[in-house]
Every structure is written in C-alpha cells, then in structure tokens.
Amino acid sequence: MNKYYSIPLLLVVLLVMLACSLFGTPTPVPTNRPTNKPTQSQALLPTEAPQPATFLPTSPEPQPAAAPRLQAGDEVKLDLIAMKSATKGWGISGSVVLTTSDGGKTWSEATPPESLAFPASASAYGVFLDAQTAWVIYSQDDMILSEASVWHTTDTGRTWTPGPPLYHQVYGDVVWAELFALDAHNAWVMVRGVYVGAGTHYVHNLFRTHDSGVTWTPLDEQFSGDYTAMIFTDEGFGVRTLETLGAYYFDPPTFTRTLDGGATWAYIELPPPSDFPDLFDTYPYCETYQPVLLSDRSIRMLLGCMDNEYSVEDFVSYFYASEDAGATWQTTRLPAQVEASQYQLVYFGREEALLLGRSIYRSTTDGQDWDYVSMVNWDGQFSFIDAQTGWAVGKDTTEVAIAYTDDGADSWSLIIPTIKP
C-alpha cells in the first residue's frame with residue numbers, strides 16, 4: 001500500500017532541516033558528571049612520562065659536643081696543634097678535640113659525640129679549616145670501623161653533625177685517616193692501613209665531599225702506597241708525595257698528581273738533581289715529602305735520599321720546584337743537617353718559606369737559598385699563621401709541651417697548656 005503524507009507535515013520537516021543547516025545542532029546542557037575524556041586540543045598534546053620523585057640528601061641535626069672528660073686546670077698533652085689566628089686554634093689529645101682562644105695557654109673541650117667503648121684507646125684524626133670549621137673521624141684500638149662517619153662542625157665544636165657511613169674497605173694491623181680541606185664545602189679523607197707480610201704493605205680508600213660532609217663519594221683507585229702528604233689547590237688539581245721504601249722498589253722517586261679531584265691519579269717520576277746526576281744510583285732509597293702548591297702549575301716539595309730504610313746513617317736532601325705542573329724541575333741541595341723525612345716545609349706567599357725541624361732554616365728566594373735560623377732540642381709538629389708567629393707541639397723522650405715564637409723561629413718560649421677553668 002502506498003504511503004502519502006499531507007503537504008503541511010512535509011513543509012514542517014523541510015523547515016526543520018533548513019534550520020539545522022543554517023544554525024547547527026543545539027548545544028547539550030552541561031552536567032556535573034566528571035569525565036576523563038580529553039578535549040580535542042588536549043589529545044593533540046604530547047604525552048609526558050611520569051617523573052620519579054627526587055630525593056636530596058639531608059644532613060642530620062647537629063648534636064651537642066661530648067661531655068667533658070678532663071678537669072679544669074688539668075695539664076694537656078697535645079698530639080697536634082692547628083692555630084688559625086694569634087689567639088684561636090685547635091688541638092687533638094688522643095680522642096679529645098680541643099680549642100683555644102688565648103694562644104694555646106688554656107684549652108676547652110670540643111669533642112664530637114662519638115660513641116667510644118674505651119676512649120683511652122681511641123684516636124681522633126681531623127682537619128681544621130678555620131677557627132669555626134673542622135672535620136674529625138675516629139679510630140678505636142688502631143682501627144677505623146668500616147661504617148665510621150666523619151663529623152663536621154661550623155661553630156668551633158659546640159655542635160657536630162655526623163656524615164653518612166663511609167663503608168671503607170681498608171684493612172691492616174693499623175688503620176688511620178688523613179684529611180685535607182680546600183674550603184667550607186670541599187674536603188677529602190683518606191683512610192689508610194698498613195700490614196706486614198712478606199714485606200710492609202699499604203692500602204687506602206679515598207673519599208671526597210662537595211657539600212661539607214653531607215655526602216662522601218668514594219674515589220676508586222688502582223694503586224695504593226705509603227703516601228707522605230696530600231694537598232689540593234682547587235677542586236681538580238692535587239698532589240700526593242709517596243714513599244716506596246722496601247726491598248721490592250727500585251724505581252726513581254715518584255709522586256702522584258690528579259686533575260679531576262682525586263678520581264684518577266698519574267705517577268710522576270722525579271729526575272735526578274742537576275748537580276748529582278747519579279744520586280738515585282748512589283742511594284738505595286729516595287722518597288718525596290712535604291708538597292706545597294702555589295698554584296695548579298707551581299709545585300714545591302722535598303726529596304730525601306738515605307742509605308738504609310731502618311737506621312739511617314747517611315742521607316742527603318733536595319728542594320724541588322716546578323712551574324709547569326711537574327714536567328720540568330729546578331733543584332737545590334738543602335743544608336747537610338736537613339733530613340727531608342723529618343722536616344716540615346711551610347710557605348708564606350711565593351718567596352718566603354721555612355724548613356722546620358731540629359735545625360730551622362729560612363728562604364726568602366723561593367727555595368733557591370736557605371739561611372740558618374735556630375736549633376731546638378725537641379721534635380716538633382709546627383703550626384704557623386704567618387712568617388713570624390708559630391707554635392709547635394714539642395716532644396722529647398719524656399715530656400710534651402707547646403713552644404711559641406713571635407720572631408720567625410729565632411727564639412722559642414715554652415707554654416704548659418691546661419684545661420680552661
């Protein structure tokens with residue numbers, strides 16, 4: 001059967017179609033129902049992968065210094081002195097860290113709150129940047145625990161903050177530490193060990209911090225040895241002098257140099273001095289000591305040669321200077337009394353320096369000439385703040401005291417240090 005529509009109905013349909021073509025379909029009324037469907041513009045944006053959370057190392061809260069172990073008026077037997085001004089400085093006596101504010105006459109305890117089973121058998125090793133800032137690590141019974149931490153203070157030892165465990169892998173009959181601080185943020189600690197077995201052997205792990213000790217980065221190395229000193233002039237350039245005494249060493253004297261802050265080291269051999277070309281053949285043991293860096297190109301150090309490893313009877317010492325990071329050297333023979341392994345080399349600027357031992361010498365020509373200053377009858381660990389003002393922990397066979405000079409080591413006066421009342 002055919003279907004027919006009336007003319008009015010057909011007219012209505014045509015009018016609706018015409019309106020839709022002119023004005024579009026009606027917009028639906030929005031609802032409150034949420035939707036996860038992206039809009040067309042959102043769908044065209046690149047999709048970013050979710051980023052992992054970033055966890056920055058956080059430093060523990062500072063802890064108060066350990067309770068005092070000494071009594072007011074007690075005499076102090078220092079192992080090390082590190083003065084930072086005419087009045088202020090640091091000292092170490094066994095496991096006790098001390099500070100002075102009167103030039104070494106009296107001392108106050110400023111010891112990190114390290115948990116020590118037997119403090120009498122413990123030793124502190126530290127580096128002291130200024131009167132406020134220091135880093136300290138501990139050994140117990142001549143051993144540094146693998147999980148030992150380096151303590152840090154910025155308030156003259158009133159409070160200390162522990163770093164993370166080092167987890168070093170050093171072993172030996174004795175394990176100790178040596179530290180160097182470049183500035184308030186950059187420091188190095190070398191944990192060292194020595195053991196005897198078919199000769200004497202040295203091992204070490206080197207760590208550095210860029211953030212004052214919040215984190216310590218291990219610097220893995222292929223070599224180890226008996227290093228006599230470590231110094232850096234910036235975050236990259238550093239030098240370590242080296243002993244190679246032993247029956248298995250026949251190489252020329254060497255030192256190690258780094259350009260990347262200690263991550264890698266190159267061994268550099270010293271040439272024989274110009275006035276003694278067969279020196280290394282004449283003496284069986286020749287070693288490097290006491291590096292000084294005047295810049296990342298200017299290196300100064302001592303060379304000591306001896307006839308016997310254990311009982312030295314004949315020795316000769318030289319001063320070495322390089323202006324091209326160790327490629328070439330100028331050499332100066334030191335006075336006959338100077339045994340390089342027993343001396344400290346201290347510079348004041350680029351020209352003036354002191355050689356400090358039982359016989360003391362001064363140079364005002366960057367080591368080209370050395371003039372006799374004075375003689376002392378004790379072995380000293382010296383700390384100078386300028387060319388005139390210095391202290392020494394003086395030790396003889398039975399006594400320990402502090403010696404003080406204000407005339408460039410021409411004369412010394414004795415200080416009996418005590419605990420401040």
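The values are calculated or read from the model by the stated rules, or taken from the named source; none is laboratory data. Computed from a prediction, not measured in an experiment: that's the story for all the values here. Cβ coordinates were reconstructed from backbone atoms using ideal geometry, including for glycine residues, and neighbour counts include every protein chain displayed. Heads up: the accessible areas ignore ligands, DNA and RNA and are worked out on the full protein's heavy atoms, side chains in. Shrake-Rupley method; radii C 1.70, N 1.55, O 1.52, S 1.80 Å.
Just add up the charged neighbours of Thr328: K/R +1, D/E -1, any other residue whose Cβ is under 13 Å from the Cβ of Thr328.
Overall, the nearby charge balance is -2.
Can you give me the relative contact order of the range 268-367 as a percent, contacts being Cα pairs under 8 Å and 6 or more apart?
RCO, the range 268-367: 19 percent.
Please work out the C-alpha center-to-center distance from the range 84-112 to the range 353-421 and express it in whole Å.
Computed from Cα coordinates, the inter-centre distance equals 18 Å.
Got a sec? What order do Asp407, Asp275 fall in by accessible area at 1.4 Å, biggest, i.e. largest, first?
From most accessible down to least: Asp275, Asp407.
Within 10 Å, Cβ to Cβ, of Ala65, how many net charges do the neighbouring residues add up to if Lys/Arg are +1 and Asp/Glu are -1?
So the surrounding residues net to -1.
What whole-number value in Å² describes the accessible area per residue of the range 108-225 for a 1.4 Å probe?
Ligands and nucleic acids excluded, the figure is 42 Å² per residue.
How far apart, in nm, are the 7 Å Cα→Cβ label points at Gln337 and Asp102?
Each label point is offset 7 Å from its Cα along the Cβ direction, giving 3.4 nm.
Starting from the residue with the highest accessible area, list Leu179, Leu414, Leu270 in decreasing order, probe 1.4 Å.
Solvent-accessible surface, decreasing: Leu414, Leu179, Leu270.
Tell me, what is the per residue accessible area of the range 63-102 in Å², probe radius 1.4 Å?
44
For the range 240-391, what does the alpha-carbon gyration tensor say about shape, rounded, prolate or oblate, given a ≥ b ≥ c as the root eigenvalues, a/c under 1.5 as rounded, and a/b over b/c as prolate?
oblate
Considering only protein heavy atoms and a probe of 1.4 Å, how much of the accessible area of the range 73-217 is carbon and sulfur, as a whole percent?
Of all accessible area on the range 73-217, carbon and sulfur atoms account for 55 percent.
For a label point 7 angstrom out from the Cα of Asp275 toward its Cβ, which stretches of the range 373-412 have the backbone nitrogen within less than 20 Å?
Within reach of a label on Asp275: 373.
Under 5 Å between amide H atoms, partner at least 5 residues away or on a different chain: which partners does Tyr285 have, H built in plane at 1.01 Å?
Counting only residues 5 or more places away or on other chains, the set is Met306.
To the nearest 10 square angstrom, what accessible area does Val196 show with a 1.4 Å probe?
Only protein atoms counted, so the area is about 110 Å².
So how exposed is Glu147, as accessible area in Å² (1.4 Å probe, rounded to 10)?
Roll a 1.4 Å probe over it and Glu147 shows about 100 Å².
Under a crude label model (7 Å from the Cα following the beta-carbon direction), how far is Tyr310 from Ser121 in nanometres?
2.8
Excluding ligands and nucleic acids, what accessible area in Å² is computed for Glu339 using a 1.4 Å probe, to the nearest 10?
Number for this one is 40 Å².
Between Asp396 and Ala72, with labels modelled 7 Å along Cα→Cβ, what's the label distance in nm to one decimal, could you check?
A separation of 3.3 nm, rounded to one decimal place.
Could you check how much of the accessible area of the range 289-421 is carbon and sulfur, as a whole percent, using a 1.4 Å probe?
45
With all protein chains present and a 1.4 Å probe, how do Phe237, Phe180 order by accessible area, largest first?
In descending accessible area the options line up as Phe180, Phe237.
Taking K and R as +1 and D and E as -1, what net charge do the other residues with C-beta under 10 Å from the C-beta of Tyr347 add up to?
Overall, the nearby charge balance is -1.
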